[in-house]
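Notes to accompany the following structure.
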Amino acid sequence: MPSHQGSPTVRRLRLGQELRFLRERQKLTGSAVAAELGWSASKVSRIEASKTMPSAEDVESMAKLYRAGEAKLDELFGLLRDADQPGWWEDYQNVLPEEYTRFLGLEAEAERERNWEPQLVPGLLQTEDYAREVIQAARGIIRITHGGVRSRVEARVERQRAVLHRPDPPMLSFILDESALMRRYGEPSVMRAQMEHLLEMSMLPQVSVRVLALEGFHPIGTGAFIHLRPVGLDDVVYLEHLYTAQFVEDRWRVAGYETAYDDIASHALDEDESRVLIQRRAMQWRP
């Protein structure tokens, strides 16, 4: 089971954020810092934007210029050490899109995650067989090799272990459209096992699974999205497309997605009603 020692992605973002705060507190521009340290202005910008990993000497030079105390310097060095450690997902970088690996890094240290899914069972709740069928369904479009399918399935299972079974799991809320329970992937036995697994996962104390019934009112015509609250960082929304993915970080737009989720939730069945519906759909998938 993957250990949870802090996400290097989050630590890298926090390091850049802390260095920017220290610079702004001294009322220094990036150009002024670059001139003082003999760097290019782009180096300062890239460090603060977490696009370049600074060295320990870089961090010490910036901290000294910003008149940071010993305690703050120790904190910065701690973030730097953690940021330099590999995340479990880095073993799959060759087969996973770059945006998705960034998402996994943010998810690894989220305290809350809310997922609206109108088409599929969400990845965190998928069985291995269901995940394989979903990934294989896209092979003819995005050209995934047999080995790539296997690696993506392994990554999905590893993600579930890392998020659902870490010592401090996030609060996870899922709302599925009922059609996701009816869309077939693989043999009926695969679908039935998936429904039973969904019921099992819904009983975990940190997991909430609700269904938006087909006969109910559909409040908003939006695609799937995941709203994350990483520890120490602003909320972010992750949108996945066919070939790429997008992060929504503007606070006003993130708030809009939060409102959209609340609106969907207001029309969804409660958890007990959702389990009854999932059980009914499971009985319909007879092998």
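The values are calculated or read from the model by the stated rules, or taken from the named source; none is laboratory data. Since the model is a prediction, treat every value here as computed from it, not as a measurement. Here the Cβ is made from the backbone with ideal geometry for all residues, glycine too, and neighbour counts use every protein chain on show. Note: areas computed on protein heavy atoms with side chains; ligands, DNA, RNA excluded. Shrake-Rupley method; radii C 1.70, N 1.55, O 1.52, S 1.80 Å.
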**Study point:** Surface accessible to a 1.4 Å probe, VAL153 within the full protein complex, Å²
**Key:** 10
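Which longest run of the chain has no exposed loop site in it, a site being GluC sites (Glu not before Pro) in a DSSP loop with at most 12 other beta carbons within 10 Å, and the site itself not part of the run? Before the final figure, lay out each step's value.
Working: sites that count: GLU215, GLU249.
Longest site-free region, per DSSP loop and neighbour criteria: 1-214.
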Exercise for review: Mind putting a number on the dipole of the chain about its Cα centre? Charges go on the C-beta only, +1 for Lys and Arg and -1 for Asp and Glu, and I need it in Debye to the nearest 20.
Suggested key: 580
Revision key, fill the gap. In terms of the alpha carbon gyration tensor, root eigenvalues a ≥ b ≥ c, rounded if a/c is under 1.5 and otherwise prolate when a/b exceeds b/c or oblate, the range 219-259 is oblate
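Filter the trypsin sites (Lys or Arg not before Pro) in the range 98-175 to those in DSSP coil with at most 15 other Cβ atoms within 10 Å of their Cβ, and list the result. Please report the intermediate quantities before stating the final value.
Values: sites: ARG102, ARG112, ARG114, ARG132, ARG139, ARG143, ARG150, ARG152, ARG156, ARG159, ARG161; in loops: ARG143.
Passing both the DSSP loop test and the Cβ count: ARG143.
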Exercise for review: Give the angle, between 0 and 90 degrees and rounded to the nearest 10, that separates the Cα long axis of helix 188-202 from the longest principal axis of the Cα atoms of the chain.
Suggested key: 60
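Nearest 500 deg cm²/dmol is fine: what mean residue ellipticity at 222 nm does the chain get from its DSSP H runs of n ≥ 4 alone, each adding -39,500 (n - 2.57), divided by its residue count?
On the way: 13 runs with 151 residues, N = 287.
For the chain, the value works out to -16000 deg cm²/dmol.
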Revision key, fill the gap. Semi-axes of the chain from the Cα gyration tensor (sqrt of 5 times each eigenvalue, largest first, whole Å) come to 41, 20, 17
Check your understanding: In debye to the nearest 20, how big a dipole does the range 61-211 give about its Cα centre with +1 on each Lys and Arg Cβ and -1 on each Asp and Glu Cβ?
Key -> 340
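For the chain, which whole-number percentage of the solvent-accessible area (1.4 Å probe, protein heavy atoms only) is attributable to carbon and sulfur atoms?
Working: 6960 of 14740 Å².
Accessible surface attributable to carbon and sulfur in the chain totals 47 percent.
Accessible area per residue of the range 42-87 at 1.4 Å probe, in Å²? Intermediate results must be reported in sequence, preceding the final value.
On the way: 2610 Å² over 46 residues.
Ligands and nucleic acids excluded, the result is 57 Å² per residue.
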Review point. Quick one: if you stick a label point 7 Å off each Cα along the C-beta vector at MET171 and GLU196, how many nm between them?
Key: 3.2
